[in-house]
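Below: one structure, written as structure tokens.
Bear in mind these aren't lab numbers, they're just calculated from the coordinates by the rules spelled out. All of these numbers come straight from a predicted model, not from anything done at the bench. Here the Cβ positions follow ideal geometry from the backbone for every residue, glycine too, while neighbour counts run over all protein chains shown.
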There are 2 protein chains.
Amino acid sequence: MAELTTLEEHRCFDGVQGFYEHASEAAGLPMRFGVYLPPQAREGPQPVLLCLAGLTCNEQTFAIKAGAQQHAARHGLVLVTPDTSPRNTGIAEADADWDFGTGAGFYLDATREPYAQHWRMESWLMEELPALLQRHFPLRTDRIGVLGHSMGGHGALTLALRHPGRFRTVSAFAPIAAPTEVPWGQKALRGYLGEDRAAWAAHDAVKLIEGGAKAPPLLVDQGEEDPFLATQLRPERLEQACAAAGQPLELRRHAGYDHGYFFIQSFIADHVEHHARGLAA
Amino acid sequence: MAELTTLEEHRCFDGVQGFYEHASEAAGLPMRFGVYLPPQAREGPQPVLLCLAGLTCNEQTFAIKAGAQQHAARHGLVLVTPDTSPRNTGIAEADADWDFGTGAGFYLDATREPYAQHWRMESWLMEELPALLQRHFPLRTDRIGVLGHSMGGHGALTLALRHPGRFRTVSAFAPIAAPTEVPWGQKALRGYLGEDRAAWAAHDAVKLIEGGAKAPPLLVDQGEEDPFLATQLRPERLEQACAAAGQPLELRRHAGYDHGYFFIQSFIADHVEHHARGLAA
């Protein structure tokens with residue numbers, strides 16, 4: 001069987017937006033992801049922007065709704081959009097809630113049963129997927145940036161902080177900045193990691209920064225009319241932690257904008273440019 | 001009860017993307033539509049681009065997938081995205097097929113039962129909706145352009161040809177140009193209008209142009225890898241009819257592109273600019 005299955009490919013801004021599946025060793029199941037190859041990829045390998053989506057999303061959501069391809073085509077960036085969890089795991093309770101389990105992998109490796117076997121998003125994204133991408137697409141895995149939205153913003157921040165040097169550029173839209181302190185994060189961390197609060201802290205951007213972890217300068221956009229701002233996202237905690245630790249952060253608050261992709265598409269040009277500049281340097 | 005119900009509103013490119021519902025007299029049922037108000041609408045009424053979607057789409061599809069708001073915001077155009085049919089009509093057979101009935105109104109008034117009562121898309125779009133919009137939004141119904149995709153491309157062309165002077169600008173992506181000659185169109189025209197072929201011809205862009213109907217200069221984009229190109233769309237028939245009748249047409253064929261929104265978003269900037277220029281003149 002081929003290592004990679006092509007599900008769809010569409011010409012888009014003179015490049016190709018594809019969706020693919022492979023038998024993931026990390027997850028022990030088929031995993032899906034999207035790849036946008038800009039026109040420059042026909043000339044040779046290009047830098048990569050890993051785009052991590054939020055709760056309930058899949059590998060198509062960001063590719064369909066964010067409007068990022070036009071900017072990736074201009075700058076010559078490959079966009080990679082992974083699914084947000086394993087699917088069809090046979091674990092009935094994993095499908096019960098929209099904010100935990102299926103579609104809610106939180107970009108970590110679960111240690112608690114019944115999730116430990118399949119919910120290994122961090123291993124998949126940091127080890128298996130880059131190697132697979134390198135074998136099949138014209139891209140440079142030595143020049144990767146990471147961007148994420150909401151749960152994916154948490155993913156972008158924590159993966160960058162947990163793996164120094166792996167991402168040259170980092171940005172987020174409305175990230176879950178302090179998951180150990182909010183309901184979405186507590187539910188996920190308890191569900192995937194059990195009751196050990198020290199294990200939780202290792203997947204909390206604020207706690208990681210407070211503990212001395214470093215990341216490239218962070219660009220974070222947050223809508224002021226985001227209904228989850230105070231209860232789930234808490235960007236002020238990120239601001240405090242970065243200020244105290246000397247971690248560069250540009251936090252932009254946007255009046256009137258909410259949590260969804262109409263917000264993301266309004267500012268995606270700035271993010272892609274931020275990554276393109278950093279990845280070209 | 002209020003004449004208009006706001007379902008959602010989201011800040012987007014400094015404007016507002018909203019979705020609304022009203023009790024339609026034409027359809028005898030609640031009908032939904034989207035409105036994007038660009039930032040310029042805060043200063044006063046702006047020209048309008050009516051955007052008609054294709055089979056299976058609803059009032060959100062074009063608003064979510066086409067990436068048009070950024071360009072509408074730049075040019076000061078209001079975008080209106082109507083649903084593609086009445087919904088919840090109680091007619092079981094209307095939900096049986098994806099290419100007829102629900103989600104497939106074909107932008108005409110049905111005369112055949114059981115569709116004649118509710119499937120009155122042309123009356124809704126040409127009479128009731130503009131008046132409603134004029135009462136509730138800062139827009140200029142004397143400056144309207146129309147754009148459509150696939151079934152919506154058929155809608156844009158036929159509504160412009162059937163209502164001279166109502167639309168100042170017209171464009172389409174992959175329109176069903178000759179519905180009387182292809183399976184999608186024949187199924188819809190038979191289903192909504194019965195067996196009278198003369199009635200069909202009145203809703204066929206090619207036949208209308210051959211019969212002497214005129215429209216503003218047409219901009220049409222077509223992907224050459226569109227799987228429906230030969231069987232359902234037939235842009236060459238539009239090209240022939242326009243050439244014979246002296247109807248201005250710019251038909252652009254794009255190598256590698258298919259039928260979907262990854263194609264549309266790649267060229268939407270040109271379309272919005274085409275309408276903005278014509279509507280400002």
**Prompt:** After finding the eigenvalues of the alpha carbon gyration tensor for the stretch A:5-280, what semi-axes result from the square roots of 5 times each, listed largest first in whole Å?
**Reply:** 26, 23, 17
**Item:** DSSP-loop GluC sites (Glu not before Pro) across the stretch A:100-139, with at most 12 other Cβ within 10 angstrom
**Value:** none
**Prompt:** At what distance in angstrom do the alpha carbon centres of the stretch B:80-98 and the stretch B:129-202 lie from each other?
**Reply:** 17 Å
**Message:** Taking loop as defined by DSSP and a crowding limit of 16 other beta carbons within 10 Å, which GluC sites (Glu not before Pro) in the stretch A:171-267 fit?
**Reply:** A:Glu195, A:Glu224, A:Glu225
**Request:** Within the stretch A:61-103, report the chymotrypsin sites (Phe, Trp or Tyr not before Pro) that DSSP leaves as loop and that have at most 14 other Cβ atoms within 10 Å.
**Result:** A:Trp98
**Request:** Work out the FRET efficiency for A:Ser123 and B:Glu8 from their Cβ-Cβ distance, taking R0 = 51 Å, and round it to the nearest 0.05.
**Result:** 0.85
**Fill in**
Whole-number value, in Å³ per residue, for the convex hull of the alpha carbons of the stretch A:36-134 is 96 Å³
**Message:** Modelling each spin label as a point 7 Å along the Cα-to-Cβ direction, I'd like the B:Leu29/A:Glu224 distance in nm, to one decimal.
**Reply:** 4.2 nm
**Asked** Which whole DSSP H helices in chain A pass both tests: a Cα extent of 18 Å or more along the axis and a mean Kyte-Doolittle value no lower than 0.0?
**Response** A:261-280
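Using the 2.2 N^0.38 Å rule of thumb for compact globular proteins, work out how the protein assembly as shown stacks up: its C-alpha Rg over that value, please.
Against the compact-globule rule of thumb, the ratio is 1.02.
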**Prompt:** Taking only DSSP H segments of four or more residues, each worth -39500 (n - 2.57), what value at 222 nm results for chain B once the sum is divided by all its residues, to the nearest 500 deg cm²/dmol?
**Reply:** -8500 deg cm²/dmol
**Request:** Between chains B and A there is a rotation axis; tell me the chain B residue with the nearest beta carbon and how many whole Å away it sits.
**Result:** B:Gly67, 2
**Item:** Partners for B:Lys207 among aspartates and glutamates (Cα-Cα distance below 14 Å; same-chain residues under 8 apart left out)
**Value:** B:Glu181, B:Glu236, B:Glu239
**Prompt:** Once a ≥ b ≥ c are taken as the square roots of the eigenvalues of the Cα gyration tensor of the stretch B:100-183, is the result rounded (a/c under 1.5), prolate (a/b larger than b/c) or oblate (a/b not larger than b/c)?
**Reply:** oblate
**Request:** Estimate the FRET efficiency between B:Thr141 and A:Ala280 by the formula 1/(1 + (r/R0)^6), using the beta-carbon distance for r and 41 Å for R0, to the nearest 0.05.
**Result:** 0.30
**Exercise: per-residue mean of other protein chain Cβ atoms within 10 Å, B:253-263** = 4
**Asked** Given the Cα atoms of the stretch B:134-218, and with Rh set as the inverse mean 1/r over their pairs in the Kirkwood sense, what is Rg to Rh to two decimals?
**Response** 1.02
**Message:** Need one word for the stretch A:192-281: rounded, prolate or oblate. Basis is the Cα gyration tensor (sqrt eigenvalues a ≥ b ≥ c); a/c below 1.5 gives rounded, then a/b vs b/c decides.
**Reply:** oblate
**Fill in**
Here FRET efficiency (C-beta to C-beta, B:Glu181 to B:Ala269, R₀ 45 Å, nearest 0.05) is 0.90
**Fill in**
Inter-copy distances for A:Gln134, label 7 Å out on the Cα-Cβ vector, sorted ascending, nm, one decimal, are 6.5
**Item:** Cα→Cβ-extended label distance, 7 Å offset, between A:Glu236 and A:Ala116, nm
**Value:** 3.9 nm
